[in-house]
1. Only one of 55, 26, 34 is in a loop (DSSP other than H, G, I, E, B), farther than 21 Å from residue 128 by Cα, open to solvent by less than 70 Å² (accessible area, probe 1.4 Å) and out of contact with any Phe, Trp or Tyr (no Cβ under 7 Å at 6 or more places or on another chain). Can you tell me which?
2. Which of the helices (runs of 4 or more DSSP H) contained wholly in the range 71-154 include at least 2 residues that are within 22 Å of residue 44 (Cα to Cα) and within 15 Å of the chain's Cα centre (by Cα)?
3. Quick one: count up the residues across the range 209-243 that are under 20 Å from residue 266 (Cβ atoms) and either without any contact (Cβ under 8 Å) to a residue 24 or more places away in the chain or touching a strand residue (DSSP E or B) at 6+ places or on another chain (Cβ under 7 Å) (or both).
4. Residue 109 is checked against (1) out of contact with any Gly (no Cβ under 9 Å at 6 or more places or on another chain); (2) free of Cβ contacts under 8 Å to residues at least 60 places away in the same chain; (3) open to solvent by 10 Å² or more (accessible area, probe 1.4 Å) and fails just one. What number does that condition carry?
5. Show me the helices (runs of 4 or more DSSP H) found entirely inside the range 172-291 where at least 2 residues are open to solvent by 80 Å² or more (accessible area, probe 1.4 Å) and in contact with a Lys or Arg (Cβ under 7 Å, 6 or more places away or on another chain).
6. Does residue 163 qualify as being at pLDDT 85 or above and not basic (Lys, Arg)?
7. Could you list, ordered by first residue, the pairs with Cβ atoms under 8 Å in which the first is in the range 6-30 and farther than 22 Å from residue 178 by Cβ and the second is surrounded by fewer than 17 Cβ atoms within 10 Å (Cβ to Cβ) and hydroxyl-bearing (Ser, Thr, Tyr), at least 6 apart or interchain?
8. Is the range 131-138 home to any residue that is open to solvent by less than 80 Å² (accessible area, probe 1.4 Å) and within 19 Å of residue 154 (Cβ to Cβ)?
Amino acid sequence: MHENAPLDAEQFTQHTSRIVASVSSVIDGKADAVRNALVCLLAEGHLLIEDVPGVGKTMLARALAASVDATVRRIQFTPDLLPGDVTGVAVYDPVQREFEFKRGAIFAHIVIADEINRASPKTQSALLEAMEEHQVTVDGATHPLPDPFLVVATQNPLEMEGTYPLPEAQRDRFMMRISMGYPDAAAETLMLRQRDTANPLSAISPVADAASVRALISWARRVHVAESLEEYAVALAQATRQDPSLHLGASPRATLQLVRAAKVVAALDGRDYVVPDDMADLVIPVFAHRLLAARGVHRAGAQPVEAALRQIVARVPVPFAARV
C-alpha cells in the first residue's frame with residue numbers, strides 16, 4: 001500500500017487486522033494490550049507498559065516492532081546510561097576539522113525503552129523533546145526523527161529495588177499506560193509448549209511498513225469527532241481537576257490524546273465517527289498515569305486514581321446524537 005494511495009474503511013480494517021494477528025501470535029490472551037499498542041502507534045502517541053518482570057512487556061514491544069517493516073532500536077535503560085547514548089553526540093572530526101553529529105538510539109521508527117525507570121532522571125529527560133516534538137536538539141542543532149515515531153517503554157513497579165520514579169512531565173508524554181497482567185492457565189501452558197524449542201518472534205514476518213503505517217495514521221486522523229464529543233472530552237478532563245480526591249488532574253495534552261486515541265478506536269471498529277463509549281473506555285488508560293491521588297485518600301478494593309476516574313465517567317453527562 002502506497003502512503004499516498006486512497007484508503008477506505010475496509011482497507012484500514014484489513015491492514016490493522018493483520019498487524020493485530022501478527023502481534024497476537026506471540027502475545028497469547030492479551031487482546032486489550034495488543035489493541036492499545038496499535039492505538040498508540042496510529043494515534044501518534046507513546047505507550048508505557050508497567051508490570052512485574054516476566055509477564056511479556058518487552059515481548060509485546062518487540063512483537064509490534066517485528067510486525068512493522070521499519071527501523072527499530074532497543075535501549076536498555078540502566079543507571080549508567082547517559083543522555084548522549086539516547087539522543088546522540090557531536091564528535092570532532094580531526095580530518096574535516098569540524099564536529100559531526102553521531103545519531104543516538106532514539107533515531108528509529110519504533111524505539112523500545114526497556115525498564116525506563118532504571119535510568120537516572122537526567123537520562124529519562126533526554127526523551128522529553130523527542131516524544132513531544134519528534135526531534136532532538138544537540139549543541140544547538142535540531143535533528144528531526146523518523147516518521148512515524150513510537151516509543152514503547154516498559155517499567156517495573158516503583159516498589160521494586162533500583163528504580164527511579166518517572167516525573168510528572170515524563171508520564172504526561174505517554175498517551176497510555178497499560179499493564180500486561182499474569183496469563184491465565186491455558187495461555188501459560190501454551191507458552192510452555194511453544195517456546196520450549198523456539199523463539200516465537202523469529203516466526204514473525206512484517207505485515208506493514210512505514211509508508212503503510214503513515215497511510216493508516218492519515219485515515220484515522222479523518223475520523224469525525226462531533227462538537228458535543230469534544231465538549232465531553234473537556235468535561236472529563238475538567239472533572240479530574242476539580243475532584244477533591246485527586247491532587248493532580250489531567251493536562252490539556254491528556255485531553256488532546258484522549259480524542260486522538262478515540263478516533264483510532266473508532267476506525268478499528270470500522271466507523272468513521274467517534275461515539276461516547278470510545279472515550280469512556282479510554283479514560284483510565286489515557287488519564288490514570290498522569291493523575292495523583294490526594295494525600296490520605298484511600299478506596300477499598302481499588303487504586304484511588306482509577307476509582308476516582310470510574311466515578312467521574314459515571315457522573316459526567318454523556319452527549320446524545322454525538323454523530324451529528
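1. Within the list 55, 26, 34, the selection yields 26.
2. Passing ranges, in order: 128-133.
3. 5
4. Evaluating residue 109 over (1) out of contact with any Gly (no Cβ under 9 Å at 6 or more places or on another chain); (2) free of Cβ contacts under 8 Å to residues at least 60 places away in the same chain; (3) open to solvent by 10 Å² or more (accessible area, probe 1.4 Å) leaves (2) as the failure.
5. Filter on the range 172-291 gives an empty set.
6. In short, no.
7. Once the first residue is farther than 22 Å from residue 178 by Cβ and sits in the range 6-30, its partners that are surrounded by fewer than 17 Cβ atoms within 10 Å (Cβ to Cβ) and hydroxyl-bearing (Ser, Thr, Tyr) give 7/218.
8. Taking the range 131-138 as the starting set, the residues that turn out to be open to solvent by less than 80 Å² (accessible area, probe 1.4 Å) are 131, 134-138.
Going one step further and asking which of them are within 19 Å of residue 154 (Cβ to Cβ), we end up with 131.
Yes, the range 131-138 contains a residue that is open to solvent by less than 80 Å² (accessible area, probe 1.4 Å) and within 19 Å of residue 154 (Cβ to Cβ).
The values are calculated or read from the model by the stated rules, or taken from the named source; none is laboratory data. Everything quoted here is computed from the prediction, not taken from an experiment. Neighbour counts are summed over all protein chains in view; Cβ atoms, including those assigned to glycine, are modelled from backbone coordinates with ideal geometry. With ligands, DNA and RNA removed, areas are computed over all heavy atoms of the protein, side chains included. Shrake-Rupley method; radii C 1.70, N 1.55, O 1.52, S 1.80 Å.
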